[in-house]
Each structure stands twice: as C-alpha cells, then as structure tokens.
Amino acid sequence: MSLHIGVLTSGGDCPGLNAAIRGLGRTARTQYGMRVTGFLNGFRGIALGQTVELDDQMLSGILTDGGTILGTSRDKPHRMNIGGKVTDMTDAIVDNYHKLHLDILVCIGGGGTQKNAKRLMDAGLKVITLPKTIDKDIGMTDSTFGFDTALQIATEAIDRLHSTATSHERIIVLEVMGHRAGWLALEAGIAGGADVILLPEIPYDPKKVAESIRNRTMSGKRFSIVAVAEGAMALEDAKVVEALLKEKEAADSKKERAAVSAKLEKFHEEHVGHTIRLTRQLEELTGQETRLTILGHLQRGGTPSAHDRVFATWLGARCARAIHEGESGVMLAQQGSELKLVPLKDVAGNKNLVPPDHPFIRTGRAVGVSFGD
Ligand code: F6P
C-alpha cells in the first residue's frame with residue numbers, strides 16, 4: 001500500500017522552503033507513489049487539522065519562490081496559543097496524525113523545530129526532519145538551507161555600505177541576523193571585507209573596537225565597516241548571561257530552573273537593539289560620525305540562491321527516499337559532500353556555534369579584522 005506523508009514548515013521562514021517541499025513532494029509522488037499532505041502554519045496546522053493536498057499543481061512553479069506555500073509559525077506542540085490560552089496540543093496532534101492515517105510527518109525547520117519534532121517522536125509519532133535556517137546553527141550538519149541566500153544578501157549590503165561609508169568618511173555598523181550564532185556575520189563580514197566583526201561567541205570590548213578603528217584612521221583609512229551579529233554581546237552583558245547560565249545549572253528544582261530561564265529570556269529580549277548603543281559608543285569613543293543599518297528580515301525574504309535551491313531539492317528528494325526505505329526519528333544532515341541520517345535525539349537542542357578558533361576567525365585575524373577582543 002502506498003504511504004501517506006505529512007509535511008509542515010515551522011519557525012522563521014527562509015529561502016529554499018518551497019524548493020524543499022517540491023523536492024520532497026515530487027520525489028515522493030512520482031518515484032514512490034506516495035500521497036503528500038501539507039499542514040498549514042507549522043505545528044498549528046496539524047494541531048487544528050488544517051491541511052492542503054500537495055498534488056502536482058500545488059508543487060508546480062514554486063522552486064524559485066521565497067517563503068513557504070504552507071505558511072509557518074513559531075507555535076510549539078506543547079505550548080500553543082489557542083483562543084488566548086496557552087494549551088498543550090500534543091494529544092490533538094497525535095489524534096490528527098492517526099485520523100489522517102499518516103505514516104510519517106516531515107518537519108522542515110530550524111533548531112526549535114528539531115526539538116518540537118523530537119517531542120512528537122517521544123509522543124509516539126514517526127517523524128523525520130530537514131534542517132533549514134539562515135542562522136546555520138543546527139548541530140550535526142555542516143549547513144542548513146537558507147543560509148547561502150542570506151549570506152549573499154548580507155554580503156551585498158556590506159558591499160553597498162562601503163561606497164557610502166567611504167564618501168562620508170563614516171563608521172557604519174551593520175547588524176545581521178543569526179540568532180545566538182555568528183555564522184552569518186562572520187562569513188558576510190569576511191566576504192564583504194568588514195573591518196570589525198562582532199560575534200556572540202567572542203564577547204567584545206567597545207574600547208578595543210574603537211581602538212582598532214582609530215588605528216585604521218591613523219593608517220589613512222577614513223571609513224570603517226563593523227559587521228555585528230544580532231546576538232553579539234559586550235563583555236559586561238556576556239558576564240550577566242554566563243552568571244545566569246550557571247545559576248540555571250545549579251538550580252535544584254524544575255521551578256527554579258524555569259524562573260532562571262525566564263530571566264535569561266528577558267535579558268535576551270532586552271538585548272535586542274544593542275547595536276544602537278554600540279553605534280553611539282563608537283561615535284563617542286572615536287569622534288567619528290557613525291551610522292547603523294539593521295538588515296532584518298530582508299535577509300530572509302525573496303528568491304533562494306542557486307545553491308539553496310539545489311541543497312533544498314537534494315534534501316527533499318533524499319528525504320522521500322529515506323521514508324521509502326523505512327527511516328524515521330532522524331534529521332537529514334549535510335556532512336561533507338554527502339547527506340547523512342542523524343538521530344533526532346542527538347540533534348534536538350544541539351547548537352552549532354562558531355568555535356572561537358574556527359579557521360574563518362583565524363583567516364579574519366590574518367587579514368587584519370578586529371573581533372573586538
Ligand atoms: O532563526 C531565523 C531568524 O531570522 C533569526 O536570525 C532571528 O533572530 C529570528 O529568526 C527572528 O525571528 P522573527 O522573524 O520571529 O522575529
């Protein structure tokens with residue numbers, strides 16, 4: 001009997017989602033005769049039974065489109081806002097999975113989605129996941145689709161900022177996304193020739209950043225580009241986070257741990273916009289006019305790069321084959337030039353952060369980039 005697979009996209013959207021849906025859907029249907037049902041708006045769709053049949057027509061003409069034809073959300077199965085009330089929808093999801101006679105659920109998403117998919121696996125469902133995020137912060141995979149497109153956008157922004165920074169002899173700070181990982185800022189910074197790159201993984205000292213800019217000025221370079229990851233932190237802020245993380249580790253009860261987690265979340269929420277403070281500090285410390293550009297969701301919108309189209313199609317098609325071969329409880333990961341199936345239990349909660357001695361950091365330092373440390 002032919003298999004019936006469900007698919008959803010969850011978390012922040014990114015370029016390549018439609019290519020992955022198409023790669024999965026076309027292969028599943030044409031190579032293996034499977035039926036493919038899409039759920040709308042992430043885990044909310046399967047909780048509320050909101051479906052769409054992914055037939056030939058739905059899967060056509062979407063390869064180059066940004067966003068996701070299924071819609072997405074940051075809803076978690078166990079904590080979903082239903083009519084203004086936070087509700088555990090795990091049982092409803094399990095019920096709908098069985099009512100629809102699904103054989104497996106494909107969850108396409110980032111770090112949060114991997115954790116949520118694992119929760120559903122623990123609740124007894126068969127799941128398989130694909131790694132998408134512009135942040136490239138999922139463990140056990142070399143890359144995630146969406147990253148390459150965002151990298152090109154952020155790099156082009158740095159290229160464009162160069163001419164205006166030069167004309168006005170200004171410092172320009174560019175904030176790029178990446179959540180709590182620095183891959184996007186690091187790679188865009190190196191590709192665009194940023195003079196300073198600030199990452200969450202290397203807490204910075206604003207005085208050291210200013211000093212490196214003053215040194216540039218003294219050597220005759222009257223402009224500077226500072227690429228900052230949204231999650232980058234000044235030393236003093238990083239110390240607060242470190243202390244809270246220690247407090248969380250030492251907490252005796254679940255309740256205490258939850259209280260510290262809430263404090264951490266609040267700290268991170270209030271940290272948003274820290275580049276405004278950094279911009280002012282740099283202007284004060286260097287005496288040079290300084291401007292800020294926050295690239296924001298421009299990095300997630302629009303058509304995927306050729307690389308992301310290929311990568312997402314590859315992941316989708318390989319996923320259909322894995323399902324055909326009876327696999328579940330795994331994420332498809334890129335390791336070198338191959339796609340491997342890695343256990344979801346090892347991926348969930350496993351973050352891929354930039355190691356401070358990563359070759360790209362050493363490369364940056366070799367060509368004179370300051371990391372503010
Ligand atoms: O995870 C992708 C991402 O774009 C992060 O880089 C960023 O921190 C976050 O999503 C923004 O989320 P939202 O679109 O929900 O504001």
Open item on the list: Just to be sure I understand the filter: pairs with C-beta atoms under 9 Å, separated by 6 or more residues or on different chains, first member in region 181-192 and farther than 12 Å from residue 225 by Cα, second member of a type in the set (S, T, N, Q) and part of a helix (DSSP H, G or I). Which pairs pass?
Closed with: 184/299; 187/155; 191/152; 191/155
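Can you confirm whether region 135-147 contains a residue that is in a helix (DSSP H, G or I) and surrounded by 23 or more Cβ atoms within 10 Å (Cβ to Cβ)?
First, the residues of region 135-147 that are in a helix (DSSP H, G or I): 147.
Subset that is surrounded by 23 or more Cβ atoms within 10 Å (Cβ to Cβ): 147.
Within region 135-147, one or more residues are in a helix (DSSP H, G or I) and surrounded by 23 or more Cβ atoms within 10 Å (Cβ to Cβ).
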TODO: Only one of these is over 18 Å from residue 120 (Cα atoms) and either among the aliphatic types (A, V, I, L, M) or more than 23 Å from the chain's Cα centre (by Cα) (or both): 46, 21. Name it.
DONE: 21
TODO: Quickly run through region 31-57 and pick out the residues that are away from the ligand (no atom under 16 Å from the Cβ) and on the phi > 0 side of the Ramachandran plot.
DONE: 33, 49
TODO: Please indicate, with yes or no, whether at least one residue in region 13-30 is of a type outside the set (D, E, K, R), on the phi > 0 side of the Ramachandran plot and open to solvent by 10 Å² or more (accessible area, probe 1.4 Å).
DONE: no
Open item on the list: Give me the residue from region 261-308 that is in contact with a strand residue (DSSP E or B) (Cβ under 6 Å, 6 or more places away or on another chain) and β-branched (Val, Ile, Thr) and, out of that set, most open to solvent (accessible area, probe 1.4 Å).
Closed with: 294
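Starting from residues that are within 16 Å of the ligand (Cβ to nearest atom) and of a type in the set (Gly, Ala, Ser), keep the ones in region 166-215 and report whichever is surrounded by the fewest Cβ atoms within 10 Å (Cβ to Cβ).
Start the filter on region 166-215 by keeping residues that are within 16 Å of the ligand (Cβ to nearest atom), which leaves 174-189, 198-201.
Subsequent filtering for residues that are of a type in the set (Gly, Ala, Ser) retains 178, 181-182, 185, 188-189.
Details: 178: 30, 181: 25, 182: 33, 185: 28, 188: 28, 189: 30.
Only one residue tops the list, namely 181.
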TODO: Could you tell me whether region 84-93 includes any residue that is under 23 Å from residue 189 (Cβ atoms) and either surrounded by 16 or more Cβ atoms within 10 Å (Cβ to Cβ) or modelled with pLDDT of 95 or more (or both)?
DONE: no
Open item on the list: If the requirement is being within 16 Å of the ligand (Cβ to nearest atom) and either at pLDDT 95 or above or part of a loop (DSSP other than H, G, I, E, B) (or both), which of these qualifies: 71, 61?
Closed with: 71
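The values are calculated or read from the model by the stated rules, or taken from the named source; none is laboratory data. A quick note: this is a predicted structure, and the numbers were derived from the prediction, not measured. Don't worry about glycine lacking a Cβ; one is built from the backbone with ideal geometry, like all the others, and counts go over all protein chains shown. SASA here: full protein model, heavy atoms, side chains in, ligands and nucleic acids out. Shrake-Rupley method; radii C 1.70, N 1.55, O 1.52, S 1.80 Å.
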